[in-house]
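S.K.: This is the structure I want to talk about, given as structure tokens.
The values are calculated or read from the model by the stated rules, or taken from the named source; none is laboratory data. This structure is a prediction, so every number in the text was calculated from the model and none was measured. Note: ideal-geometry Cβ built from the backbone for every residue, glycine included; neighbour counts use all protein chains shown.
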Amino acid sequence: MRLLLLRHAESLGNREFRLQGRRDFPLTERGRQQARALAGRLASAGLTTVYTSPIGRARETARILAGAAGVRPRREPRVQEYDFGEALSGLTWQEIREQHPEIVAALLNDDSEFPRYPGEEGRAAFRDRVCPAIREIAERHAADQAVAIVTHAGPIVVFVIELLGRKYSRPIPFSVDNASVTTVEFSAGGSPFLPEAVLIGLNDTCHLRALETGGAK
């Protein structure tokens with residue numbers, strides 16, 4: 001079974017360089033174009049189920065994707081984005097720089113630990129929420145051809161890091177772009193030569209190339 005971890009398309013918060021977290025921001029027109037391109041890319045993937053974070057930008061992306069696949073999106077609260085706390089969520093990076101310069105300083109240093117955010121969820125709690133949820137979905141659909149989860153950069157990062165056996169610390173050695181596809185292949189029967197789950201694609205955005213060059217309307 002192939003599990004497709006999809007980051008939502010571009011939101012207004014992305015466009016305005018905001019720390020979105022759990023805050024709701026709609027997709028931009030460019031984001032809706034990205035979501036349609038993503039749906040076209042996955043039209044032949046054999047999707048049987050589309051799960052989505054309950055946050056609006058993910059749900060809007062999932063509706064476009066699921067509509068093209070002929071399925072109804074299913075909400076999964078455990079794959080929503082990291083909760084950065086009320087004090088910071090929704091602020092632009094310029095506003096954070098002005099109101100919380102100590103956090104920006106911590107982000108710019110070489111410390112491997114993540115900065116502390118007032119009222120945040122906590123990185124260990126985040127990992128313990130996201131990773132079991134994704135594995136449960138994979139186990140539930142072990143006999144299916146492909147299943148998609150429309151989520152956010154944070155959940156994709158933490159799951160891939162765990163899958164690769166890396167420490168959840170800074171710096172994160174890869175990017176997860178809007179409307180990207182990260183693919184994990186699960187082996188139903190198991191193999192003596194391969195682990196149960198193999199990362200076969202990371203941050204694939206080739207379906208967005210025409211948008212970036214102005215070829216799509």
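S.K.: Collect the residues in the range 18-68 that are among the small types (G, A, S) and either part of a loop (DSSP other than H, G, I, E, B) or at positive phi (or both), keeping them in residue-number order.
M.R.: Within the range 18-68, G21, A43, S44, A45, G46, S53 meet the criteria.
S.K.: May I pose another question? Please go through the range 1-17 and pick out each residue that is part of a helix (DSSP H, G or I) and more than 27 Å from A146 (Cβ to Cβ).
M.R.: Of everything in the range 1-17, those that are part of a helix (DSSP H, G or I) and more than 27 Å from A146 (Cβ to Cβ) turn out to be L12, G13, R15.
S.K.: Also, I was wondering about something else. Could you list, in sequence order, all residues of the range 77-127 that are part of a loop (DSSP other than H, G, I, E, B), touching a helix residue (DSSP H, G or I) at 6+ places or on another chain (Cβ under 8 Å) and either more than 26 Å from K167 (Cβ to Cβ) or of a type in the set (V, I, T) (or both)?
M.R.: G90, L91
S.K.: Does the range 143-150 include one or more residues that are within 23 Å of P73 (Cα to Cα), in contact (Cβ under 8 Å) with a residue 60 or more places away in the chain, surrounded by fewer than 13 Cβ atoms within 10 Å (Cβ to Cβ) and over 17 Å from the mean Cα position of the chain (by Cα)?
M.R.: For the range 143-150, residues within 23 Å of P73 (Cα to Cα), in contact (Cβ under 8 Å) with a residue 60 or more places away in the chain, surrounded by fewer than 13 Cβ atoms within 10 Å (Cβ to Cβ) and over 17 Å from the mean Cα position of the chain (by Cα): present.
S.K.: Considering every residue within the range 84-94, establish whether at least one is on the phi > 0 side of the Ramachandran plot and modelled with pLDDT of 95 or more.
M.R.: Yes, the range 84-94 contains at least one residue that is on the phi > 0 side of the Ramachandran plot and modelled with pLDDT of 95 or more.
Let's see how each residue does on (1) under 20 Å from L6 (Cα atoms); (2) in contact with a Pro (Cβ under 9 Å, 6 or more places away or on another chain); (3) at pLDDT below 95; (4) not small (G, A, S):
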position: E120; (1), (2), (3), (4): no, no, no, yes
position: R127; (1), (2), (3), (4): yes, no, no, yes
position: I149; (1), (2), (3), (4): yes, yes, no, yes
position: V157; (1), (2), (3), (4): yes, no, no, yes
position: V160; (1), (2), (3), (4): yes, no, no, yes
position: A179; (1), (2), (3), (4): yes, no, no, no
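S.K.: What number of residues in the range 8-44 are modelled with pLDDT under 95 and touching a strand residue (DSSP E or B) at 6+ places or on another chain (Cβ under 6 Å)?
M.R.: 0
S.K.: So, L27, is that one buried (at least 21 other Cβ atoms within 10 Å of the Cβ), out of contact with any Cys (no Cβ under 7 Å at 6 or more places or on another chain) and under 15 Å from A146 (Cβ atoms) or not?
M.R.: Criteria not met by L27.
S.K.: Sticking with this one: Here is a check on your reading of the model: is R123 more than 24 Å from L65 (Cβ to Cβ), among the basic types (K, R) and touching a Phe, Trp or Tyr at 6+ places or on another chain (Cβ under 9 Å)?
M.R.: yes
S.K.: A further question follows. Just name the residue that is nearest to L108 (Cα to Cα) out of those in the range 151-197 that are in a loop (DSSP other than H, G, I, E, B), free of Cβ contacts under 8 Å to residues at least 12 places away in the same chain and among the hydrophobic types (A, V, I, L, M, F, W, C).
M.R.: Across the range 151-197, the extreme among qualifying residues is L194.
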